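Engineer: Below is the structure I would like to discuss, written out as C-alpha coordinates.
The values are calculated or read from the model by the stated rules, or taken from the named source; none is laboratory data. Being a predicted model, the structure only gives us computed values, none of them experimental. Heads up, the Cβs are rebuilt from the backbone with ideal geometry, glycines too, and the neighbour counts pull from every protein chain shown.
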Amino acid sequence: MATDRHGQFSIYDAAFQQQRYRIYDELRQNEPVFWHEETQSWFLTRHADVSSHLVGDSFITSPLITNKMKNVPAGEEGQFQDVVDIISTWMIYNDRPVHTRLRGHMNRAFWAKEIELIRPEIQRIVSEQLDRIIERSGDSFDFVHEIAHPVPAMVLCHMLGLPVEEVDRFIGWSDDIAAFMQDFVVKPAPDPAISAHTRRSMNEMVEFLTGAIAERRQSPKNDLLSRLISENPEDSGALTDDEIIRQTIHLIFGGHKIPQFLLSNCLHLLFTHPQEFELLAKDRTRITAVVDECMRVESPIHYITRHAKADIELHGRKILANDSVYFFIAAAGRDPEAFEDPEVFRPGRTGRRHLAFGGGYHACIAAAFARVEVEEVMQGILDRIPGIAPRYDLANPQWTANPTFHGILTMPVRIEA
(Lines give C-alpha, C1' and ligand atoms only; values in the text may rest on other atoms or scores of the structure.)
Protein backbone atom coordinates (compact mmCIF):
# COMPACT_ATOMS: atom_id res chain seq x y z
CA MET A 1 0.00 0.00 0.00
CA ALA A 2 1.32 3.43 -0.95
CA THR A 3 2.38 5.76 1.86
CA ASP A 4 3.97 9.18 1.69
CA ARG A 5 7.36 10.04 3.13
CA HIS A 6 5.74 10.67 6.52
CA GLY A 7 4.19 7.19 6.58
CA GLN A 8 0.71 8.48 5.85
CA PHE A 9 -1.86 6.27 4.11
CA SER A 10 -5.52 6.45 3.17
CA ILE A 11 -7.99 4.32 5.10
CA TYR A 12 -10.36 4.72 2.12
CA ASP A 13 -7.86 3.14 -0.28
CA ALA A 14 -8.91 -0.34 -1.43
CA ALA A 15 -5.38 -1.51 -0.60
CA PHE A 16 -5.97 -0.64 3.06
CA GLN A 17 -8.57 -3.39 3.17
CA GLN A 18 -6.03 -5.90 1.91
CA GLN A 19 -3.19 -4.84 4.21
CA ARG A 20 -4.84 -3.41 7.29
CA TYR A 21 -3.45 -6.04 9.71
CA ARG A 22 0.09 -5.46 8.44
CA ILE A 23 -0.42 -1.70 8.89
CA TYR A 24 -1.76 -2.23 12.40
CA ASP A 25 1.33 -4.27 13.23
CA GLU A 26 3.68 -1.58 11.94
CA LEU A 27 1.86 1.10 13.94
CA ARG A 28 1.90 -0.99 17.13
CA GLN A 29 5.64 -1.50 16.81
CA ASN A 30 6.77 1.89 15.57
CA GLU A 31 4.10 4.52 16.29
CA PRO A 32 1.54 3.34 18.81
CA VAL A 33 0.20 6.91 18.95
CA PHE A 34 0.04 7.92 15.30
CA TRP A 35 -1.26 11.19 13.86
CA HIS A 36 -3.28 10.47 10.72
CA GLU A 37 -3.58 13.49 8.45
CA GLU A 38 -6.48 12.26 6.35
CA THR A 39 -8.84 11.79 9.29
CA GLN A 40 -7.22 14.48 11.44
CA SER A 41 -7.16 11.94 14.24
CA TRP A 42 -4.81 10.03 16.51
CA PHE A 43 -4.64 6.24 16.05
CA LEU A 44 -4.07 4.02 19.12
CA THR A 45 -3.24 0.40 18.27
CA ARG A 46 -1.74 -1.31 21.34
CA HIS A 47 -3.95 -3.44 23.56
CA ALA A 48 -2.62 -1.86 26.77
CA ASP A 49 -3.39 1.67 25.55
CA VAL A 50 -6.79 0.87 24.07
CA SER A 51 -7.98 -1.17 27.06
CA SER A 52 -6.83 1.35 29.67
CA HIS A 53 -8.01 4.53 27.97
CA LEU A 54 -11.45 3.27 26.95
CA VAL A 55 -12.18 3.19 30.69
CA GLY A 56 -12.94 6.38 32.59
CA ASP A 57 -13.57 9.90 31.37
CA SER A 58 -10.29 10.91 29.72
CA PHE A 59 -11.75 10.21 26.28
CA ILE A 60 -15.40 11.03 25.61
CA THR A 61 -17.96 10.75 22.80
CA SER A 62 -20.20 13.79 23.14
CA PRO A 63 -18.11 16.20 20.98
CA LEU A 64 -18.13 13.90 17.92
CA ILE A 65 -21.33 15.07 16.25
CA THR A 66 -20.67 18.76 16.91
CA ASN A 67 -17.16 18.46 15.49
CA LYS A 68 -18.40 16.61 12.40
CA MET A 69 -21.04 19.23 11.70
CA LYS A 70 -18.40 21.99 11.84
CA ASN A 71 -17.02 20.49 8.62
CA VAL A 72 -20.33 20.86 6.77
CA PRO A 73 -20.30 23.82 4.34
CA ALA A 74 -22.14 26.88 5.60
CA GLY A 75 -25.84 26.81 4.72
CA GLU A 76 -25.98 23.03 4.23
CA GLU A 77 -26.54 22.04 7.85
CA GLY A 78 -30.28 21.65 7.30
CA GLN A 79 -29.70 18.67 5.00
CA PHE A 80 -28.54 16.66 8.00
CA GLN A 81 -30.57 18.13 10.83
CA ASP A 82 -33.34 15.51 11.10
CA VAL A 83 -30.85 12.64 11.25
CA VAL A 84 -28.40 14.45 13.54
CA ASP A 85 -31.21 15.42 15.93
CA ILE A 86 -31.91 11.71 16.45
CA ILE A 87 -28.41 10.23 16.62
CA SER A 88 -27.21 13.00 18.95
CA THR A 89 -29.56 11.59 21.61
CA TRP A 90 -28.16 8.04 21.36
CA MET A 91 -26.27 6.67 24.36
CA ILE A 92 -23.13 6.25 22.27
CA TYR A 93 -22.90 10.02 21.71
CA ASN A 94 -23.65 11.04 25.27
CA ASP A 95 -21.36 10.85 28.29
CA ARG A 96 -22.16 10.64 31.98
CA PRO A 97 -24.57 11.48 33.57
CA VAL A 98 -26.92 11.46 30.53
CA HIS A 99 -25.51 8.12 29.36
CA THR A 100 -26.02 6.59 32.81
CA ARG A 101 -29.71 7.46 32.88
CA LEU A 102 -30.42 6.21 29.34
CA ARG A 103 -28.45 3.00 29.82
CA GLY A 104 -30.15 2.29 33.12
CA HIS A 105 -33.50 2.09 31.36
CA MET A 106 -32.42 0.36 28.13
CA ASN A 107 -30.35 -2.17 30.09
CA ARG A 108 -33.48 -4.06 31.06
CA ALA A 109 -33.69 -5.49 27.54
CA PHE A 110 -30.43 -7.33 28.12
CA TRP A 111 -30.71 -8.64 31.66
CA ALA A 112 -29.63 -12.28 31.84
CA LYS A 113 -33.19 -13.44 32.54
CA GLU A 114 -34.49 -11.51 29.51
CA ILE A 115 -31.87 -13.08 27.26
CA GLU A 116 -32.68 -16.57 28.51
CA LEU A 117 -36.38 -15.93 27.92
CA ILE A 118 -35.76 -15.01 24.31
CA ARG A 119 -33.27 -17.83 23.62
CA PRO A 120 -36.02 -20.34 22.68
CA GLU A 121 -37.47 -17.73 20.31
CA ILE A 122 -34.09 -17.27 18.64
CA GLN A 123 -33.91 -21.05 18.22
CA ARG A 124 -37.39 -21.08 16.70
CA ILE A 125 -36.61 -18.23 14.29
CA VAL A 126 -33.38 -19.91 13.17
CA SER A 127 -35.09 -23.27 12.71
CA GLU A 128 -37.94 -21.81 10.67
CA GLN A 129 -35.54 -19.83 8.49
CA LEU A 130 -33.46 -22.95 7.85
CA ASP A 131 -36.65 -24.85 6.98
CA ARG A 132 -37.42 -22.25 4.32
CA ILE A 133 -33.86 -22.30 2.98
CA ILE A 134 -33.65 -26.09 2.73
CA GLU A 135 -37.07 -26.33 1.10
CA ARG A 136 -36.47 -23.46 -1.34
CA SER A 137 -32.76 -23.43 -2.11
CA GLY A 138 -31.86 -26.99 -3.02
CA ASP A 139 -28.17 -27.60 -2.50
CA SER A 140 -26.92 -24.00 -2.13
CA PHE A 141 -27.76 -20.58 -0.68
CA ASP A 142 -26.05 -17.34 0.37
CA PHE A 143 -25.35 -17.41 4.11
CA VAL A 144 -25.29 -13.61 4.45
CA HIS A 145 -28.44 -12.94 2.42
CA GLU A 146 -30.44 -15.80 3.92
CA ILE A 147 -29.15 -16.04 7.50
CA ALA A 148 -26.69 -13.41 8.76
CA HIS A 149 -28.61 -10.45 7.37
CA PRO A 150 -32.28 -11.30 8.07
CA VAL A 151 -32.16 -13.41 11.25
CA PRO A 152 -30.89 -10.65 13.63
CA ALA A 153 -33.65 -8.40 12.25
CA MET A 154 -36.26 -11.09 12.88
CA VAL A 155 -35.04 -11.51 16.45
CA LEU A 156 -35.20 -7.77 17.11
CA CYS A 157 -38.72 -7.59 15.66
CA HIS A 158 -39.74 -10.29 18.12
CA MET A 159 -38.08 -8.46 21.04
CA LEU A 160 -39.88 -5.24 20.17
CA GLY A 161 -43.18 -6.97 19.48
CA LEU A 162 -43.28 -5.83 15.86
CA PRO A 163 -45.25 -7.88 13.31
CA VAL A 164 -43.17 -10.44 11.44
CA GLU A 165 -44.51 -9.07 8.16
CA GLU A 166 -42.62 -5.86 8.92
CA VAL A 167 -39.22 -7.60 8.80
CA ASP A 168 -38.32 -6.53 5.25
CA ARG A 169 -39.24 -2.95 6.04
CA PHE A 170 -37.27 -3.17 9.27
CA ILE A 171 -34.21 -4.50 7.41
CA GLY A 172 -34.43 -1.62 4.95
CA TRP A 173 -34.47 0.91 7.78
CA SER A 174 -31.50 -0.71 9.46
CA ASP A 175 -29.49 -0.85 6.23
CA ASP A 176 -30.18 2.84 5.57
CA ILE A 177 -29.02 3.83 9.06
CA ALA A 178 -25.92 1.67 8.61
CA ALA A 179 -25.12 3.39 5.32
CA PHE A 180 -25.31 6.79 7.03
CA MET A 181 -23.33 5.73 10.09
CA GLN A 182 -20.60 4.08 8.03
CA ASP A 183 -20.23 7.32 6.06
CA PHE A 184 -20.61 9.58 9.11
CA VAL A 185 -17.99 7.82 11.22
CA VAL A 186 -15.21 7.75 8.63
CA LYS A 187 -15.71 10.90 6.54
CA PRO A 188 -14.71 14.40 7.68
CA ALA A 189 -18.26 15.55 6.82
CA PRO A 190 -21.41 13.49 6.09
CA ASP A 191 -22.69 12.94 2.55
CA PRO A 192 -25.92 14.89 1.73
CA ALA A 193 -27.31 12.21 -0.62
CA ILE A 194 -26.86 9.43 1.94
CA SER A 195 -28.35 11.64 4.64
CA ALA A 196 -31.44 12.41 2.53
CA HIS A 197 -32.11 8.71 2.03
CA THR A 198 -31.59 7.94 5.73
CA ARG A 199 -33.82 10.85 6.75
CA ARG A 200 -36.78 9.27 5.00
CA SER A 201 -36.18 5.96 6.74
CA MET A 202 -35.74 7.54 10.16
CA ASN A 203 -38.95 9.57 9.74
CA GLU A 204 -40.76 6.35 8.83
CA MET A 205 -39.33 4.66 11.92
CA VAL A 206 -40.42 7.52 14.17
CA GLU A 207 -43.94 7.37 12.74
CA PHE A 208 -44.10 3.58 13.04
CA LEU A 209 -42.76 3.46 16.61
CA THR A 210 -45.06 6.31 17.68
CA GLY A 211 -48.01 4.24 16.55
CA ALA A 212 -46.63 1.08 18.17
CA ILE A 213 -46.21 2.84 21.54
CA ALA A 214 -49.78 4.20 21.34
CA GLU A 215 -51.02 0.64 20.70
CA ARG A 216 -49.06 -0.68 23.69
CA ARG A 217 -50.72 1.88 25.94
CA GLN A 218 -54.10 0.56 24.89
CA SER A 219 -53.10 -3.12 24.91
CA PRO A 220 -49.74 -3.91 26.58
CA LYS A 221 -47.80 -6.92 25.31
CA ASN A 222 -44.98 -9.04 26.66
CA ASP A 223 -42.33 -7.13 24.72
CA LEU A 224 -39.60 -4.55 25.22
CA LEU A 225 -41.66 -1.55 24.07
CA SER A 226 -44.38 -2.32 26.63
CA ARG A 227 -41.80 -2.63 29.41
CA LEU A 228 -40.16 0.69 28.53
CA ILE A 229 -43.36 2.72 28.40
CA SER A 230 -44.27 4.84 31.42
CA GLU A 231 -47.55 6.64 32.04
CA ASN A 232 -45.86 9.52 33.89
CA PRO A 233 -42.21 9.73 32.81
CA GLU A 234 -41.84 13.31 34.06
CA ASP A 235 -42.75 12.26 37.59
CA SER A 236 -40.99 8.88 37.66
CA GLY A 237 -37.76 9.72 35.81
CA ALA A 238 -38.59 7.08 33.21
CA LEU A 239 -37.94 7.54 29.51
CA THR A 240 -40.30 9.77 27.57
CA ASP A 241 -41.92 8.36 24.44
CA ASP A 242 -39.54 10.42 22.32
CA GLU A 243 -36.54 8.99 24.18
CA ILE A 244 -37.86 5.44 23.79
CA ILE A 245 -38.25 5.95 20.04
CA ARG A 246 -34.76 7.37 19.56
CA GLN A 247 -33.00 4.77 21.71
CA THR A 248 -34.97 2.02 19.95
CA ILE A 249 -33.70 3.30 16.59
CA HIS A 250 -30.17 3.03 18.01
CA LEU A 251 -30.93 -0.50 19.21
CA ILE A 252 -32.24 -1.46 15.75
CA PHE A 253 -29.04 -0.27 14.08
CA GLY A 254 -26.55 -1.86 16.49
CA GLY A 255 -28.60 -4.95 17.20
CA HIS A 256 -28.91 -5.82 13.52
CA LYS A 257 -25.64 -4.95 11.80
CA ILE A 258 -23.12 -6.10 14.40
CA PRO A 259 -24.54 -9.65 14.71
CA GLN A 260 -24.74 -9.79 10.91
CA PHE A 261 -21.02 -9.12 10.52
CA LEU A 262 -20.10 -11.33 13.47
CA LEU A 263 -22.01 -14.26 11.97
CA SER A 264 -20.35 -13.95 8.58
CA ASN A 265 -16.89 -13.60 10.11
CA CYS A 266 -17.43 -16.54 12.45
CA LEU A 267 -18.50 -18.96 9.73
CA HIS A 268 -15.67 -17.78 7.48
CA LEU A 269 -13.08 -18.49 10.19
CA LEU A 270 -14.53 -21.97 10.68
CA PHE A 271 -14.32 -22.58 6.93
CA THR A 272 -10.68 -21.49 6.91
CA HIS A 273 -9.94 -23.61 10.00
CA PRO A 274 -11.69 -26.92 9.26
CA GLN A 275 -10.05 -28.63 12.21
CA GLU A 276 -11.80 -26.16 14.53
CA PHE A 277 -15.06 -26.71 12.65
CA GLU A 278 -14.72 -30.45 13.21
CA LEU A 279 -13.95 -30.01 16.91
CA LEU A 280 -16.98 -27.75 17.31
CA ALA A 281 -19.23 -30.25 15.53
CA LYS A 282 -18.14 -32.92 18.02
CA ASP A 283 -18.25 -30.70 21.11
CA ARG A 284 -20.90 -27.97 21.07
CA THR A 285 -19.71 -26.59 24.41
CA ARG A 286 -16.87 -24.98 22.43
CA ILE A 287 -19.26 -22.56 20.72
CA THR A 288 -18.80 -19.70 23.22
CA ALA A 289 -15.00 -19.93 22.90
CA VAL A 290 -15.27 -20.02 19.10
CA VAL A 291 -17.44 -16.87 18.99
CA ASP A 292 -15.14 -15.02 21.42
CA GLU A 293 -12.05 -15.90 19.41
CA CYS A 294 -13.79 -14.78 16.23
CA MET A 295 -14.43 -11.38 17.82
CA ARG A 296 -10.74 -11.08 18.62
CA VAL A 297 -9.39 -12.20 15.23
CA GLU A 298 -12.00 -10.62 12.92
CA SER A 299 -13.78 -7.99 14.99
CA PRO A 300 -17.01 -6.70 13.37
CA ILE A 301 -15.94 -3.17 14.39
CA HIS A 302 -12.33 -2.17 13.78
CA TYR A 303 -12.19 1.08 15.70
CA ILE A 304 -14.13 3.23 18.13
CA THR A 305 -13.95 7.03 18.00
CA ARG A 306 -13.49 9.22 21.05
CA HIS A 307 -12.31 12.77 21.81
CA ALA A 308 -9.77 13.83 24.39
CA LYS A 309 -11.45 15.56 27.31
CA ALA A 310 -8.22 17.37 28.24
CA ASP A 311 -4.59 17.46 27.11
CA ILE A 312 -2.86 14.12 27.67
CA GLU A 313 0.62 12.81 26.84
CA LEU A 314 1.01 9.23 25.66
CA HIS A 315 4.21 7.58 24.40
CA GLY A 316 5.81 10.99 24.01
CA ARG A 317 2.98 12.41 21.86
CA LYS A 318 0.75 15.20 23.14
CA ILE A 319 -2.94 14.69 22.43
CA LEU A 320 -4.76 17.99 22.85
CA ALA A 321 -8.18 18.55 24.37
CA ASN A 322 -10.94 17.83 21.81
CA ASP A 323 -8.58 15.95 19.47
CA SER A 324 -10.21 13.01 17.73
CA VAL A 325 -8.78 9.61 18.73
CA TYR A 326 -9.40 6.28 17.00
CA PHE A 327 -9.15 3.28 19.34
CA PHE A 328 -8.29 0.39 17.01
CA ILE A 329 -9.82 -2.55 18.84
CA ALA A 330 -9.04 -4.84 15.90
CA ALA A 331 -5.34 -3.95 16.15
CA ALA A 332 -5.45 -4.46 19.92
CA GLY A 333 -6.94 -7.91 19.32
CA ARG A 334 -3.82 -8.97 17.43
CA ASP A 335 -1.25 -7.39 19.75
CA PRO A 336 1.54 -9.93 20.51
CA GLU A 337 2.13 -8.22 23.85
CA ALA A 338 -1.39 -9.27 24.85
CA PHE A 339 -1.93 -12.54 22.98
CA GLU A 340 0.46 -15.39 22.19
CA ASP A 341 0.56 -16.11 18.45
CA PRO A 342 -2.06 -13.41 17.88
CA GLU A 343 -2.60 -14.20 14.19
CA VAL A 344 -3.64 -17.77 15.04
CA PHE A 345 -7.35 -18.58 15.43
CA ARG A 346 -7.30 -20.52 18.70
CA PRO A 347 -10.64 -20.85 20.53
CA GLY A 348 -10.34 -21.38 24.26
CA ARG A 349 -7.53 -18.90 24.90
CA THR A 350 -7.02 -17.81 28.47
CA GLY A 351 -5.64 -14.54 29.77
CA ARG A 352 -6.53 -11.15 28.38
CA ARG A 353 -9.91 -10.47 26.85
CA HIS A 354 -10.60 -9.08 23.41
CA LEU A 355 -12.05 -5.56 23.14
CA ALA A 356 -14.54 -6.15 20.33
CA PHE A 357 -17.41 -4.76 22.41
CA GLY A 358 -15.48 -1.72 23.59
CA GLY A 359 -14.83 -0.89 27.22
CA GLY A 360 -15.73 1.39 30.10
CA TYR A 361 -19.25 2.69 30.57
CA HIS A 362 -19.68 2.93 26.79
CA ALA A 363 -19.13 -0.83 26.32
CA CYS A 364 -21.73 -2.42 24.08
CA ILE A 365 -24.99 -2.79 25.99
CA ALA A 366 -26.02 -5.81 23.91
CA ALA A 367 -22.77 -7.78 24.09
CA ALA A 368 -24.22 -10.79 25.93
CA PHE A 369 -27.28 -10.81 23.68
CA ALA A 370 -25.17 -10.72 20.51
CA ARG A 371 -23.11 -13.68 21.74
CA VAL A 372 -26.24 -15.74 22.46
CA GLU A 373 -27.73 -14.84 19.09
CA VAL A 374 -24.62 -15.87 17.16
CA GLU A 375 -24.22 -19.04 19.23
CA GLU A 376 -27.80 -20.12 18.52
CA VAL A 377 -27.48 -19.46 14.79
CA MET A 378 -24.28 -21.50 14.62
CA GLN A 379 -25.87 -24.28 16.68
CA GLY A 380 -28.76 -24.32 14.22
CA ILE A 381 -26.39 -24.58 11.27
CA LEU A 382 -24.53 -27.47 12.90
CA ASP A 383 -27.79 -29.28 13.68
CA ARG A 384 -29.53 -28.78 10.35
CA ILE A 385 -26.73 -28.35 7.80
CA PRO A 386 -23.71 -30.20 9.23
CA GLY A 387 -22.23 -30.55 5.73
CA ILE A 388 -22.24 -26.83 4.95
CA ALA A 389 -19.28 -25.86 2.75
CA PRO A 390 -18.07 -22.65 1.05
CA ARG A 391 -18.72 -21.82 -2.60
CA TYR A 392 -16.69 -18.61 -2.54
CA ASP A 393 -12.95 -17.93 -2.65
CA LEU A 394 -11.83 -18.37 0.95
CA ALA A 395 -8.64 -16.43 0.25
CA ASN A 396 -10.54 -13.43 -1.15
CA PRO A 397 -13.97 -12.97 0.42
CA GLN A 398 -15.94 -9.82 -0.35
CA TRP A 399 -15.37 -7.74 2.77
CA THR A 400 -17.25 -4.53 3.49
CA ALA A 401 -15.53 -1.61 1.78
CA ASN A 402 -15.46 0.39 5.00
CA PRO A 403 -12.60 0.87 7.47
CA THR A 404 -14.91 0.77 10.50
CA PHE A 405 -17.47 -2.01 10.03
CA HIS A 406 -15.92 -5.31 9.08
CA GLY A 407 -17.84 -8.25 7.68
CA ILE A 408 -18.37 -10.35 4.58
CA LEU A 409 -21.07 -9.16 2.19
CA THR A 410 -21.82 -12.35 0.29
CA MET A 411 -21.10 -15.97 1.19
CA PRO A 412 -22.43 -18.58 -1.25
CA VAL A 413 -22.43 -21.97 0.47
CA ARG A 414 -23.49 -25.46 -0.51
CA ILE A 415 -25.42 -28.04 1.45
CA GLU A 416 -23.57 -31.34 1.35
CA ALA A 417 -25.10 -34.65 2.36
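Engineer: Where in the stretch 1-92 are there helices (runs of 4 or more DSSP H), lying wholly inside it, with at least 1 residues that are at positive phi and of a type in the set (F, W, Y)? Spell out the reasoning first.
Structural biologist: Details: elements: 14-30, 47-53, 63-70, 81-87.
Where helices (runs of 4 or more DSSP H) fall fully within the stretch 1-92, none carries at least 1 residues being at positive phi and of a type in the set (F, W, Y).
Engineer: Being touching a helix residue (DSSP H, G or I) at 6+ places or on another chain (Cβ under 6 Å), closer than 27 Å to T61 by Cα and hydrophobic (A, V, I, L, M, F, W, C) is true for just one of A179, A148. Which residue is that?
Structural biologist: Step by step, each of A179, A148 is checked, and only A179 is touching a helix residue (DSSP H, G or I) at 6+ places or on another chain (Cβ under 6 Å), closer than 27 Å to T61 by Cα and hydrophobic (A, V, I, L, M, F, W, C).
Engineer: Also: Which residues, taken from the stretch 113-134, are at pLDDT 90 or above, more than 20 Å from R414 (Cβ to Cβ) and either of a type outside the set (V, I, T) or touching a strand residue (DSSP E or B) at 6+ places or on another chain (Cβ under 9 Å) (or both)?
Structural biologist: R119, P120, E121, Q123, R124, S127, E128
Engineer: Related question: Among all residue pairs at least 6 apart or on different chains, which show Cβ distances below 8 Å where the first residue, located in the stretch 78-106, is closer than 15 Å to L64 by Cβ and the second is among the acidic types (D, E) and part of a helix (DSSP H, G or I)?
Structural biologist: Pairs that qualify, where the first residue is closer than 15 Å to L64 by Cβ and the partner is among the acidic types (D, E) and part of a helix (DSSP H, G or I), are T89/E243.
Engineer: Scanning the stretch 378-417 for residues that are among the β-branched types (V, I, T), surrounded by 14 or more Cβ atoms within 10 Å (Cβ to Cβ) and closer than 30 Å to Q19 by Cα, which turns out nearest to the chain's Cα centre (by Cα)? If you could, list the steps in order and put the result at the bottom.
Structural biologist: As a first pass, look at the stretch 378-417 and keep what is among the β-branched types (V, I, T): 381, 385, 388, 400, 404, 408, 410, 413, 415.
Within this subset, residues satisfying the condition of being surrounded by 14 or more Cβ atoms within 10 Å (Cβ to Cβ) are 381, 385, 388, 400, 404, 408, 413, 415.
This time we only want the ones that are closer than 30 Å to Q19 by Cα, so: 388, 400, 404, 408, 413.
On the way: I388: 26, T400: 13, T404: 9, I408: 13, V413: 24 Å.
Looking at the filtered set, the residue picked out is T404.
Engineer: Anything in the stretch 401-417 that is in contact with a Lys or Arg (Cβ under 8 Å, 6 or more places away or on another chain), assigned to a strand (DSSP E or B) and of a type outside the set (F, W, Y)? List them, or say none.
Structural biologist: Matches in the stretch 401-417: P412, V413, R414.
Engineer: How do the helices (runs of 4 or more DSSP H) wholly within the stretch 187-301 filter down when requiring 1 or more residues that are modelled with pLDDT of 95 or more and either within 29 Å of V50 (Cβ to Cβ) or out of contact with any Phe, Trp or Tyr (no Cβ under 9 Å at 6 or more places or on another chain) (or both): which remain? Can you show your working first?
Structural biologist: Numbers: elements: 192-218, 224-228, 233-236, 241-272, 274-282, 287-297.
It comes to 192-218, 241-272, 274-282, 287-297.
Engineer: Out of the residues in the stretch 196-231 that are within 30 Å of D183 (Cα to Cα) and among the acidic types (D, E), state the one that is surrounded by the fewest Cβ atoms within 10 Å (Cβ to Cβ).
Structural biologist: Among residues in the stretch 196-231 that are within 30 Å of D183 (Cα to Cα) and among the acidic types (D, E), the one surrounded by the fewest Cβ atoms within 10 Å (Cβ to Cβ) is E207.
Conditions (1) touching a residue at least 60 places away in the same chain (Cβ under 8 Å); (2) among the hydrophobic types (A, V, I, L, M, F, W, C); (3) in contact with a Lys or Arg (Cβ under 6 Å, 6 or more places away or on another chain), marked per residue:
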residue: A112; (1), (2), (3): yes, yes, no
residue: L117; (1), (2), (3): no, yes, no
residue: E121; (1), (2), (3): no, no, no
residue: F141; (1), (2), (3): yes, yes, no
residue: E146; (1), (2), (3): no, no, no
residue: V164; (1), (2), (3): no, yes, no
residue: R169; (1), (2), (3): no, no, no
residue: W173; (1), (2), (3): yes, yes, no
residue: D176; (1), (2), (3): no, no, no
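Engineer: Taking into account only those residues within the stretch 179-190 that are touching a residue at least 24 places away in the same chain (Cβ under 8 Å) and surrounded by fewer than 22 Cβ atoms within 10 Å (Cβ to Cβ), which is farthest from L64 (Cα to Cα)? Show your work before the answer.
Structural biologist: First, the residues of the stretch 179-190 that are touching a residue at least 24 places away in the same chain (Cβ under 8 Å): 180-182, 184-186, 188-190.
Pick out the ones that are also surrounded by fewer than 22 Cβ atoms within 10 Å (Cβ to Cβ) and you get 182, 185-186, 188-189.
Numbers: Q182: 14, V185: 9, V186: 12, P188: 11, A189: 11 Å.
The selected residue is Q182.
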